[in-house]
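For reference, the structure discussed in these notes is given below.
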Amino acid sequence: MFYREAGDFKTSYVDDNQTFPIRFDRYRYYAVLVAAFAVIPFLINDYWVNAVFLPFLIYTIAAIGLNILVGYCGQVSLGTGGFMAVGAYACYKLMVAFPEINIFFHVIVSGGITAAVCVLFGLPSLRIKGFYLAVATLAAQFFLVWLFNRVGWFYNYSASGQINAPERTVFGVAVTGAQTAPWAAYLFCLIFTVICAILARNLTRGMAGRKWMAIRDMDIAAEIIGVNPLKAKLTAFAVSGFFVGISGALFFSVYLGAVEVGEVFGINKSFLVLFMVIIGGLGSIFGSFAGAAFLVLLPVLLKNVLVGGLGWPTDLAAHLEFIIVGALIVIFLIAEPHGLAQLWRVAKEKLRLWPFPH
Amino acid sequence: MNDMSQETTVTADGRKIGGVVMEMKNITLRFGGVVAIRDISFDIREGEIRAIIGPNGAGKSSMLNVISGFYHPQEGEVWYKGERRPPMKPYQVAQQGIARTFQNIALFEGMSVLDNVMTGRIRQMKAGLFAQALWKGTAEREEVANREAVEKIIDFLEIQHIRKTPVSRLPYGLKKRVELARALAAEPSILLLDEPMAGMNVEEKEDMSRFILDVNDEFGTTIALIEHDMGVVMDLSDRVVVMDYGKKIGDGTPEEVRSNQAVIDAYLGVAHD
């Protein structure tokens with residue numbers, strides 16, 4: 001009833017091009033933003049931030065990045081873990097080398113460095129497609145992890161081989177290190193997530209997005225109407241790498257604080273982010289949020305229900321989680337290849353008509 | 001280029017036909033031992049509708065692919081706007097203002113009609129990646145300006161009602177029209193149509209013929225088309241090239257071609273006695 005486009009006329013192309021063309025959607029979006037910035041920081045404690053919000057926000061950025069590459073441009077990548085590691089190590093080196101510069105810029109520059117590395121590993125995409133490209137990016141994954149493990153310069157020759165985030169502040173408030181308040185870490189990541197989502201949305205609704213989707217849908221036709229495939233693919237790798245790098249930098253500096261590369265940024269991470277993109281919805285920014293939320297919340301929920309509620313042993317619950325996630329991915333691929341985002345779209349279509357049948 | 005072809009002539013229905021805009025000189029295209037095109041020369045004049053016809057396997061589509069840069073002929077030269085064109089990638093040809101449609105529809109199935117047609121504006125949209133990421137300012141202005149141009153084409157081809165529909169949901173005839181819209185959106189100097197009426201019923205063919213004539217009339221677009229329906233070709237085109245087994249066997253107005261003995265033989269067959 002309340003969810004109507006009727007009477008909501010667009011009189012300019014600017015209005016028609018909005019991210020949320022339906023008024024109700026727009027107000028809900030503003031409400032979510034206000035809640036996220038002005039309400040949640042006052043309510044959350046350490047558990048909520050570290051178990052739910054930080055991983056959700058950071059994985060969302062990674063999922064947006066991967067979604068641009070896989071969902072929009074159609075270039076399969078299994079190197080996300082390795083590229084996140086590039087972001088993390090770039091951020092670490094920058095934090096140590098330039099302690100006087102605000103960490104905000106360190107994170108952004110880490111994104112830029114990752115973008116450059118990502119373009120380098122994206123070069124094979126000009127020649128190979130599909131599974132073969134996936135294997136090529138897999139090589140990036142293993143090579144990068146090996147590199148950060150073996151070359152001492154990257155972890156400043158620390159005895160443990162780990163990298164540790166020193167304390168850094170923004171406006172006098174610590175956002176990294178042991179003294180960080182939960183709300184500060186949360187807000188710092190939230191700002192990045194929101195900005196990244198807006199940038200990604202702007203890119204995908206404009207000409208850049210159309211070029212990527214053209215390459216994805218039919219690369220020969222894209223070339224014949226004037227899309228330079230080399231440029232389109234490499235910009236997709238660059239933009240994707242930028243977002244993934246930011247998420248890697250935040251994952252290390254704000255969320256974990258200390259990283260051992262093989263453990264944190266292994267192949268599992270690549271698959272986790274890919275699953276988020278698939279379950280959330282290929283080619284949808286909202287899907288990246290939904291997928292990240294789903295795969296971050298599901299283990300927390302299962303743990304609370306099975307271990308906390310039913311009193312099952314932790315290891316049994318952990319293994320059950322693998323089974324459930326695996327089954328869900330298979331079900332999604334069969335039943336709804338466009339993921340949660342498509343379910344959401346269908347629900348909105350239905351709501352638009354409700355309570356009338358047509 | 002001879003001087004004759006530079007003169008502007010006016011057709012019976014009052015359209016202006018200018019000088020030569022594209023000229024193919026002695027094109028030969030081989031695939032290994034197979035000669036797809038053998039020493040063919042012809043020109044396309046500004047504002048005309050030029051048809052390429054011939055039986056199956058005559059090399060018509062190969063010819064179009066040479067023009068649009070998919071194939072690079074082993075011999076011969078392509079002259080475009082008075083200059084010899086160096087070997088080019090298809091996207092560079094497109095950026096020079098040559099747009100085309102495909103025999104089998106080549107639309108972007110995952111995108112809406114509007115996005116498909118907007119993609120055709122690639123030549124006109126220059127905003128950089130950063131401007132687009134920020135959106136407000138250059139990118140938005142450019143988007144709106146090009147949207148207006150695209151909406152004119154959408155109006156012109158009468159596809160307003162489906163502009164937000166994903167292409168994958170459209171029937172065949174409409175897809176063909178969307179593909180034409182995408183090619184037109186580029187405001188091309190030459191529009192190449194590869195069998196624009198393949199697989200259409202009579203009414204759809206009539207619609208498409210009307211659109212082709214209107215495009216030519218309204219925007220003065222030069223059109224080169226391949227078509228099998230002889231009635232359509234003879235009615236639409238100003239001049240016709242006839243190909244058979246990779247060779248040119250006829251070139252001229254529809255009337256001239258119709259009375260050409262070699263063409264009649266190619267189409268009707270000859271008695272070998």
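The values are calculated or read from the model by the stated rules, or taken from the named source; none is laboratory data. None of these values were measured; they are calculated from a predicted model. Cβ coordinates were reconstructed from backbone atoms using ideal geometry, including for glycine residues, and neighbour counts include every protein chain displayed.
Based on what the data block shows, is B:Val233 touching a Pro at 6+ places or on another chain (Cβ under 8 Å) and in a helix (DSSP H, G or I)?
Working: touching a Pro at 6+ places or on another chain (Cβ under 8 Å): yes; in a helix (DSSP H, G or I): yes.
Considered against the rule, which asks whether it is touching a Pro at 6+ places or on another chain (Cβ under 8 Å) and in a helix (DSSP H, G or I), B:Val233 comes out as yes.
Report yes if some residue within the stretch B:167-175 is facing chain A (nearest Cβ under 10 Å) and in a loop (DSSP other than H, G, I, E, B); otherwise report no.
Applying the first criterion (facing chain A (nearest Cβ under 10 Å)) to the stretch B:167-175 yields B:167-168.
With the extra rule that they be in a loop (DSSP other than H, G, I, E, B), the set shrinks to none.
Looking through the stretch B:167-175, none of the residues is facing chain A (nearest Cβ under 10 Å) and in a loop (DSSP other than H, G, I, E, B).
What do you reckon, is A:Asn17 over 23 Å from the mean Cα position of the chain (by Cα), within 30 Å of A:Ala181 (Cα to Cα) and among the polar types (S, T, N, Q)? Show your work before the answer.
Values: over 23 Å from the mean Cα position of the chain (by Cα): yes; within 30 Å of A:Ala181 (Cα to Cα): no; among the polar types (S, T, N, Q): yes.
Considered against the rule, which asks whether it is over 23 Å from the mean Cα position of the chain (by Cα), within 30 Å of A:Ala181 (Cα to Cα) and among the polar types (S, T, N, Q), A:Asn17 comes out as no.
Among the listed residues A:Arg150, A:Arg127, which satisfies the condition of being exposed (fewer than 14 other Cβ atoms within 10 Å of the Cβ), charged (D, E, K, R) and farther than 24 Å from A:Glu260 by Cα?
On the way: A:Arg150 fails: farther than 24 Å from A:Glu260 by Cα.
Going through A:Arg150, A:Arg127 in turn, just one is exposed (fewer than 14 other Cβ atoms within 10 Å of the Cβ), charged (D, E, K, R) and farther than 24 Å from A:Glu260 by Cα: A:Arg127.
Which one of the conditions (1) in a loop (DSSP other than H, G, I, E, B); (2) surrounded by fewer than 19 Cβ atoms within 10 Å (Cβ to Cβ) does B:Gly110 fail to meet, given that it meets all the rest?
Exception for B:Gly110: condition (2).
Can you report the number of residues in the stretch B:115-149 which are more than 15 Å from A:Ile225 (Cα to Cα) and either hydrophobic (A, V, I, L, M, F, W, C) or touching a residue at least 40 places away in the same chain (Cβ under 8 Å) (or both)?
11
Within the stretch A:154-167, is there a residue that is among the polar types (S, T, N, Q), outside any strand (DSSP E or B) and without any contact (Cβ under 8 Å) to a residue 60 or more places away in the chain? Steps first, answer last, please.
Of the residues in the stretch A:154-167, the ones among the polar types (S, T, N, Q) are A:156, A:158, A:160, A:162, A:164.
When the remaining residues are screened for being outside any strand (DSSP E or B), the result is A:156, A:158, A:160, A:162.
Imposing the further condition that a residue be without any contact (Cβ under 8 Å) to a residue 60 or more places away in the chain reduces the set to A:158.
Within the stretch A:154-167 (the criterion being among the polar types (S, T, N, Q), outside any strand (DSSP E or B) and without any contact (Cβ under 8 Å) to a residue 60 or more places away in the chain), the answer is yes, since at least one residue qualifies.
Could you identify the single residue in B:Leu180, B:Leu170, B:Leu134, B:Leu192 that is crowded, with 21+ Cβ neighbours inside 10 Å, out of contact with any helix residue (DSSP H, G or I) (no Cβ under 6 Å at 6 or more places or on another chain) and of a type in the set (A, V, I, L, M, F, W, C)?
Details: B:Leu170 fails: crowded, with 21+ Cβ neighbours inside 10 Å; B:Leu134 fails: crowded, with 21+ Cβ neighbours inside 10 Å; B:Leu192 fails: out of contact with any helix residue (DSSP H, G or I) (no Cβ under 6 Å at 6 or more places or on another chain).
One residue alone meets the criteria, B:Leu180.
Checking A:Phe171 against (1) at pLDDT 85 or above; (2) buried (at least 18 other Cβ atoms within 10 Å of the Cβ), which test does it fail?
A:Phe171 satisfies every listed condition except (2).
What number of residues within the stretch A:238-247 satisfy the criterion of being closer than 18 Å to A:Asn50 by Cα and over 10 Å from the mean Cα position of the chain (by Cα)?
0
Taking only the stretch B:37-56 into account, find how many residues are under 18 Å from the mean Cα position of the chain (by Cα) and in contact (Cβ under 8 Å) with a residue 60 or more places away in the chain. First the steps, then the outcome.
First, pick out the residues of the stretch B:37-56 that are under 18 Å from the mean Cα position of the chain (by Cα): B:41-54.
Next cut, in contact (Cβ under 8 Å) with a residue 60 or more places away in the chain only: B:41-42, B:44-54.
Final tally of qualifying residues: 13.
Which condition breaks for B:Met63 when tested against (1) more than 14 Å from chain A (Cβ to nearest Cβ); (2) part of a strand (DSSP E or B)?
B:Met63 satisfies every listed condition except (2).
Just to be sure, is B:Gln103 part of a loop (DSSP other than H, G, I, E, B) and in contact (Cβ under 8 Å) with a residue 12 or more places away in the chain? Please lay out each step first, then the result.
Details: part of a loop (DSSP other than H, G, I, E, B): yes; in contact (Cβ under 8 Å) with a residue 12 or more places away in the chain: yes.
Taking the combined requirement at face value, the residue satisfies it.
Looking at the stretch A:1-111, what helices (runs of 4 or more DSSP H) fall wholly within it and have at least 1 residues that are of a type in the set (Ser, Thr, Tyr) and either crowded, with 16+ Cβ neighbours inside 10 Å or modelled with pLDDT of 95 or more (or both)? Step through it out loud before you land on a result.
Details: elements: A:13-16, A:23-34, A:40-43, A:54-66, A:80-97.
Ranges flagged: A:13-16, A:54-66, A:80-97.
Could you tell me how many of the residues in the stretch B:116-131 are facing chain A (nearest Cβ under 8 Å), of a type outside the set (A, V, I, L, M) and either outside any helix (DSSP H, G or I) or surrounded by fewer than 22 Cβ atoms within 10 Å (Cβ to Cβ) (or both)?
1
Only one of these is surrounded by 15 or more Cβ atoms within 10 Å (Cβ to Cβ), over 21 Å from the mean Cα position of the chain (by Cα) and either in a helix (DSSP H, G or I) or among the hydroxyl-bearing types (Ser, Thr, Tyr) (or both): A:Val325, A:Val307. Name it. Before you say what the answer is, go through the steps one by one.
Values: A:Val325 fails: over 21 Å from the mean Cα position of the chain (by Cα).
Exactly one of A:Val325, A:Val307 is surrounded by 15 or more Cβ atoms within 10 Å (Cβ to Cβ), over 21 Å from the mean Cα position of the chain (by Cα) and either in a helix (DSSP H, G or I) or among the hydroxyl-bearing types (Ser, Thr, Tyr) (or both), namely A:Val307.
Any residue at all in the stretch B:219-229 that is without any contact (Cβ under 8 Å) to a residue 60 or more places away in the chain, under 16 Å from B:Glu48 (Cβ atoms), surrounded by fewer than 18 Cβ atoms within 10 Å (Cβ to Cβ) and among the hydrophobic types (A, V, I, L, M, F, W, C)?
yes
Could you please find all residues in the stretch B:73-95 being more than 9 Å from chain A (Cβ to nearest Cβ) and either touching a residue at least 40 places away in the same chain (Cβ under 8 Å) or among the polar types (S, T, N, Q) (or both)? Working first, answer last.
Going residue by residue through the stretch B:73-95, those that are more than 9 Å from chain A (Cβ to nearest Cβ) are B:73-88.
Once the filter is applied, which keeps residues that are more than 9 Å from chain A (Cβ to nearest Cβ) and either touching a residue at least 40 places away in the same chain (Cβ under 8 Å) or among the polar types (S, T, N, Q) (or both), the stretch B:73-95 yields B:Pro73, B:Gln74, B:Glu75, B:Gly76, B:Glu77, B:Val78, B:Trp79, B:Tyr80, B:Lys81, B:Gly82.
What single numbered condition from (1) more than 10 Å from every other protein chain (Cβ to nearest Cβ); (2) of a type in the set (Asp, Glu); (3) in a helix (DSSP H, G or I) fails to hold for B:Glu151?
The single condition B:Glu151 does not satisfy is (1).
Which one is nearest to the other protein chains (Cβ to nearest Cβ), of the residues in the stretch B:96-110 that are in contact with a Pro (Cβ under 7 Å, 6 or more places away or on another chain) and hydrophobic (A, V, I, L, M, F, W, C)?
Filtering the stretch B:96-110 for residues that are in contact with a Pro (Cβ under 7 Å, 6 or more places away or on another chain) and hydrophobic (A, V, I, L, M, F, W, C), the one nearest to the other protein chains (Cβ to nearest Cβ) comes out as B:Ala99.
Can you confirm whether B:Val240 is part of a strand (DSSP E or B), surrounded by 17 or more Cβ atoms within 10 Å (Cβ to Cβ) and not acidic (Asp, Glu)? Steps first, answer last, please.
On the way: part of a strand (DSSP E or B): yes; surrounded by 17 or more Cβ atoms within 10 Å (Cβ to Cβ): yes; not acidic (Asp, Glu): yes.
In short, yes.
For the stretch A:254-268: of the residues being of a type outside the set (Gly, Ala, Ser) and not in a helix (DSSP H, G or I), which is surrounded by the most Cβ atoms within 10 Å (Cβ to Cβ)?
A:Phe265
This table checks each residue for (1) within 14 Å of the chain's Cα centre (by Cα); (2) surrounded by 14 or more Cβ atoms within 10 Å (Cβ to Cβ); (3) under 20 Å from B:Gly250 (Cα atoms); (4) assigned by TED's automatic domain parsing to the domain that holds B:Lys176.
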site	(1), (2), (3), (4)
B:Ala12	no, no, no, no
B:Gly19	no, yes, no, no
B:Lys25	no, yes, yes, no
B:Arg30	no, yes, no, no
B:Val35	no, yes, yes, no
B:Ala58	no, yes, yes, no
B:Ile67	yes, yes, yes, no
B:Gly82	no, no, no, no
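Within the stretch A:236-253, count every residue that is within 24 Å of B:Ile122 (Cα to Cα) and crowded, with 24+ Cβ neighbours inside 10 Å. Talk me through it step by step, then tell me what you get.
Initial filter on the stretch A:236-253 (within 24 Å of B:Ile122 (Cα to Cα)): A:236-240.
From what's left, crowded, with 24+ Cβ neighbours inside 10 Å: A:236-237, A:239-240.
Within the stretch A:236-253, residues that are within 24 Å of B:Ile122 (Cα to Cα) and crowded, with 24+ Cβ neighbours inside 10 Å number 4.
Taking the condition of being in a helix (DSSP H, G or I) and at the interface with chain A (Cβ under 7 Å from one of its Cβ atoms), how many residues in the stretch B:135-147 meet it? Give the steps one after another, and end with the answer.
Restricting attention to the stretch B:135-147, the residues satisfying the condition of being in a helix (DSSP H, G or I) are B:138-147.
Within this subset, residues satisfying the condition of being at the interface with chain A (Cβ under 7 Å from one of its Cβ atoms) are B:139-140, B:143-144, B:147.
Qualifying residue count for the region: 5.
Hey, can you tell me all the residues within the stretch A:174-210 that are part of a helix (DSSP H, G or I), within 7 Å of chain B (Cβ to nearest Cβ), out of contact with any Ser or Thr (no Cβ under 7 Å at 6 or more places or on another chain) and crowded, with 23+ Cβ neighbours inside 10 Å?
Keep residues of the stretch A:174-210 that are part of a helix (DSSP H, G or I), which gives A:182-205, A:207-210.
Among the residues that remain, those that are also within 7 Å of chain B (Cβ to nearest Cβ) are: A:199, A:202-203, A:207-208, A:210.
This time we only want the ones that are out of contact with any Ser or Thr (no Cβ under 7 Å at 6 or more places or on another chain), so: A:199, A:202-203, A:207.
Of everything in the stretch A:174-210, those that are part of a helix (DSSP H, G or I), within 7 Å of chain B (Cβ to nearest Cβ), out of contact with any Ser or Thr (no Cβ under 7 Å at 6 or more places or on another chain) and crowded, with 23+ Cβ neighbours inside 10 Å turn out to be A:Leu203, A:Met207.
Return the residue satisfying two criteria in turn: it lies in the stretch A:213-235 and is in contact (Cβ under 8 Å) with a residue 60 or more places away in the chain and under 19 Å from B:Gln124 (Cβ atoms), and of such residues it is nearest to the other protein chains (Cβ to nearest Cβ).
This residue is A:Met213.
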